[in-house]
1. Applying the selection to segment B:158-175, what residues are more than 25 Å from A:I33 (Cβ to Cβ) and touching a strand residue (DSSP E or B) at 6+ places or on another chain (Cβ under 8 Å)?
2. I'd like to check something: does segment A:175-182 contain any residue that is touching a residue at least 60 places away in the same chain (Cβ under 8 Å) and either touching a helix residue (DSSP H, G or I) at 6+ places or on another chain (Cβ under 7 Å) or surrounded by 20 or more Cβ atoms within 10 Å (Cβ to Cβ) (or both)?
3. Taking only pairs six or more apart or across chains, which ones have beta-carbon atoms under 8 Å, a first residue in segment B:152-167 that is farther than 16 Å from B:A133 by Cα, and a second residue that is at pLDDT 85 or above?
4. Do we find that B:D44 is over 22 Å from A:G263 (Cβ atoms), crowded, with 17+ Cβ neighbours inside 10 Å and in the same structural domain as B:L189 (by TED's automatic domain parsing) in this structure?
5. Considering only segment B:124-138, how many residues are over 17 Å from B:Q166 (Cβ atoms) and in a loop (DSSP other than H, G, I, E, B)?
6. Pull up segment A:223-238, narrow it to residues that are in a loop (DSSP other than H, G, I, E, B) and not aliphatic (A, V, I, L, M), then point me to the one that is nearest to the chain's Cα centre (by Cα).
7. Wholly within segment A:259-327, which strands (runs of 3 or more DSSP E) include no fewer than the required count, namely at least 3 residues that are farther than 21 Å from B:A29 by Cα?
8. Would you mind stating whether B:R99 is away from chain A (no Cβ under 14 Å) and either closer than 22 Å to A:I429 by Cα or not hydroxyl-bearing (S, T, Y) (or both)?
Amino acid sequence: MSVAEKISQAELQSEIQSAALPAAKNSIPLRFITCGSVDDGKSTLIGRLLWDTKAVFDDQVGAIEKLSDKHENGVGSLEFANLLDGLQAEQEQGITIDVAYRYFSTPNRSFIVADTPGHAQYTKNMVTGASTADLAVLLIDARSGILEQTRRHANVVSLMGIKQVILVINKIDLIDYDQTRFDEISEQFKTLAEAFNFTSITTIPTSAIKGENVAFTARENMPWYEGKTLLETLELAPKSTPRSMGFRFPVQRISRPDESFRGYQGTIAAGSIKPGDPVTILPSGQQANVSKIVTFDLVRNAGVHGDAVTLVLDRQIDISRGDMIVSNDDQPSLEFSYQAQIIALTEHGIQPGKQYWLKSNTRKQYVSVDVAETLNLETGLWETAEKIELNDLSKVQLNFTNRIAFDTYQNNKTTGSFILIDPDTNNTIAGGMITQAIDNVKSITPNTPNASTTITMPSDIAEEFYRSEFYQKYQDSIESNDS
Amino acid sequence: MTDTNSKPPLDPHLKALENEAIYIFREVAAEFQNPVMLYSVGKDSSVLLHLARKAFYPGPVPFPLLHIDTGWKFKEMIAFRDKIVSDYELDLISYTNPRGSAENITPFNHPRYTDIMKTEALRTALDKGGYDAAFGGARRDEEASRAKERIYSFRTANHSWDPRNQRAELWSIYNGDIFKGESVRAFPLSNWTELDIWQYIKAEDIPIVPLYYAQQRPFVERDGTIILAEDQRLELAPGEVVQEDYIRFRTLGCFPLTGGVRSTADDIDQVITEIQSARTSERQGRAIDKDKAGSMELKKREGYF
């Protein structure tokens, strides 16, 4: 090593040593989804976020420059969009065909972006990305304004339970930073969004290619915009938290290392628990008290939503994977039938009457699906349907042969969501959200609610009753009355 | 009553990542007949192992570890591996492709070294064990083709990965249904970044191979890459000189293929600081990614991790 090299090495070292270690991030990563088409500059926007937060390394840029040359796109040596197109096949086609996850962070927060394509036929990818997102960034081209696609994206995002939306009005430089136009589009969007249950809507004018209002402000070109940049808005966005409710603990696994220990392993899906708390096990209805909350680090005195723990109960009960341990008050529904919204994810769609596996967190059981309506994404209206095809969003009734515990998706995304698996292919053919439990007993006398009597019978007889032709006919007549 | 441990609690960011990883470990262990954990001895594997021990506590890790040993790993890696296995009472299976010694395939003399000694070896070892699920420590932030990888990555009976035929993955509901012969690779660290890994190693005081920390070490510089000259397995090219300086490694693999960096970061805090100011990715020193653009994707399609 030359003297000069040694000196620069020493300098680098002293720089490194003087830089204080950053404080650990005091927040859970924010997960968000971006919706928009290639033409809106979506890949450029995400590429810009990664670039400006230094989530991209020099050697990765090197590989990208090589690729750009091959394409001869001529937009310059560094194309932000190329940072994103992960798979060779897609790069060759120039479109993103699947959900990709990107990671970047600021000193304050980490972010996980689900990058999903905007083409109409790829609704399933958007749904996949939205299923884990706290927030949605809807991207439009300032020149074209709100399109049919924007409504579609807002609709899907809203159905997936996302409450916070940021509308990024991109390519603002191409309309000469026109404030009037920006205000107009913002207003249009707010009107459109009234149909959906968003709790927060922010609109931001950006030029992703120039990096304006993405991570850095652009007062010079947009003195009229006094709001936050996209990155600041993301940093401040609250994490979506489940509605406060009773304790929910889907049992993943029984831990029985020896005769002396029997624990139930899982992740707390809602509420909290402490030793001594009484609990009920669903679907059996057996009761017990929690005696210990065990983790690798310590025996804890409380567990809260999100914690992966092992529960020990004060008595021997028959519990298996797929059961749910819940608080005695504020319990989920436990029914044979539910109303749900589902999205078909494969080209075969969903066959009414066929038996599918339903997996909800840790439980798997057979289900049959009755179709009621499908959402027309063009009009935003629900239409009567007989079958479900790829990318259809549909309202259905799920029918089980055993009672199953669910919350509504609105109350809890973990205990209110499920997937359908085709036993013939093992493929995941649908994702779904519970909207309502169907109370079988009550609905036997739907027209005289005041005169209803509670029928109690042993569960095996009840099940037989529910399967009987008599009961099925009753159900059918109720449904036709309802519609 | 108070929590009975003096260790400060994890910050919420790392706690969320830890909870997710533990959930994935438990799901796979509950749903598959015969899982195995790929253990490469690197820092990500160390974190993965730590999480596995946490997930199944107070029980033991309920599956074996599989190490694909090419015979060209850093000596310190093997010593570290053996100590960890004995300290934690783990069940380790080490597999080396017999073609290596039979056909004298080395990183220096064979263009398909990685394919044979890593990809082919992995496929053979998985077949021999009849595993239906294999945990890996891959992260989505590592390399472009991994950004679209699922948590449960479906593999056909010949272990190949078809990026166009992956199952949709919604919420945290994973589909583990497979037919005989098919398998799933499960990635509990999917959502971790390199920095998360290091901060977690620090927070949890996880032992890692000392090569990650700077020390005076002998090396040669080959095509701009710093190759450790630690033993007679490295044949010097004419005119090549063994130098000595403070170097460390950001990733660990086969020593002739893994480039070191000049650094004096000899403890975890300095390593973290160095990573935060780094302008090149950790895979920068890895020859495997650089053959051609998209080369990792090609390797994955063939069954590489």
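The values are calculated or read from the model by the stated rules, or taken from the named source; none is laboratory data. All of these numbers come straight from a predicted model, not from anything done at the bench. No Cβ is skipped: glycine too gets one built from the backbone with ideal geometry, and neighbour counts run over all protein chains shown.
1. Within segment B:158-175, B:H159 is the sole residue that qualifies.
2. No, that holds for no residue.
3. From residues that are farther than 16 Å from B:A133 by Cα, the pairs are B:D162/B:T156; B:N165/B:F154.
4. yes
5. Final tally of qualifying residues: 4.
6. Here the residue is A:P238.
7. A:278-282, A:286-294
8. In short, yes.
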